[in-house]
């Protein structure tokens, strides 16, 4: 759990840094306004000089986004900002509508956890035309010219996953690669780091698949499909995050392989840390 605590501390620091960077992007002197949420319900009235931040999340099916939301909002509010949080529930069309809503509410900055790396460039252009700064949080939006991109070194994440499996399987073996959403640019980067590291190892990727919208239950199906295609055998499993890993382990349990086959993931989800 100490590792999770360190990650949470880094998250608090990162949110404070992001907010400081956003302050540098924003022109001061905002007027007073009455905020409404996406359904039109009136919320608190912003202060005269408050920086207005809109944030659109992919969804909250992944535990870390709930933690990130709470830390982001509390940090921004402690520094005097107003935050309008939107949840697109994994629908690209809904995220585009939410960004347009935030544009209409005259946000100073819009922060986006993108569902799709390539389908938001047009609406980002609309935000920039309105003089609004745009921040990609964790996931890069391609061909959009956003003002700031804050993320991990995702290729390094993939490299570390591969190294963990190499350490667990020094004699080599067959590996399943259960990736996140194909529309998430991070998935591409993690995959590249993972596969590059394994090139000179004794580990072979015998099954690879994506989990659309990061739906964890797809990892359960993937393990079963991989075992069927590989004669019921696997030596290690790479999962795009801890949520997928939990379902992969559930499937391995049904085949009496849990605890025998090493599984790697990421995000420091509570269940992952406990495992």
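Just so it is clear, none of the values below were taken in a lab; they were calculated from the coordinates. It should be emphasised that the depicted structure is a prediction, and the values quoted were computed from it without experimental measurement. When we count neighbours, we look across all protein chains shown, and the Cβ atoms used for this are built from the backbone with ideal geometry, even at glycine.
In which sequence would 174, 167 go, from the one with the fewest C-beta neighbours within 10 Å to the one with the most?
The fewest-first ordering by Cβ neighbours comes to 167, 174.
Report the Cα centroid-to-centroid distance between the stretch 166-214 and the stretch 51-98 in angstrom, as an integer.
One Cα centre to the other: 29 Å.
If you average the alpha carbon positions of the stretch 116-146 and of the stretch 239-275, how far apart do those two centres end up, in angstrom?
Taking the Cα centre of the stretch 239-275 as reference, the centre of the stretch 116-146 is 34 Å away.
Counting other C-beta atoms within 10 Å, which of 134, 83 has the fewest, and how do the rest follow?
Neighbour counts put them in this order, fewest first: 83, 134.
Taking neighbour Cβ counts within 10 Å as the exposure measure, how do 152, 176 sort from fewest upward?
Lowest count first: 152, 176.
If eta is 0.692 mPa s and T is 37 °C, what Stokes-Einstein diffusion coefficient results for the stretch 154-274, Kirkwood Rh from Cα pairs, in µm²/s?
237 µm²/s
Using a Förster radius of 41 Å, what is the FRET efficiency between residue 230 and residue 151 based on their Cβ-Cβ separation? Nearest 0.05, please.
0.80
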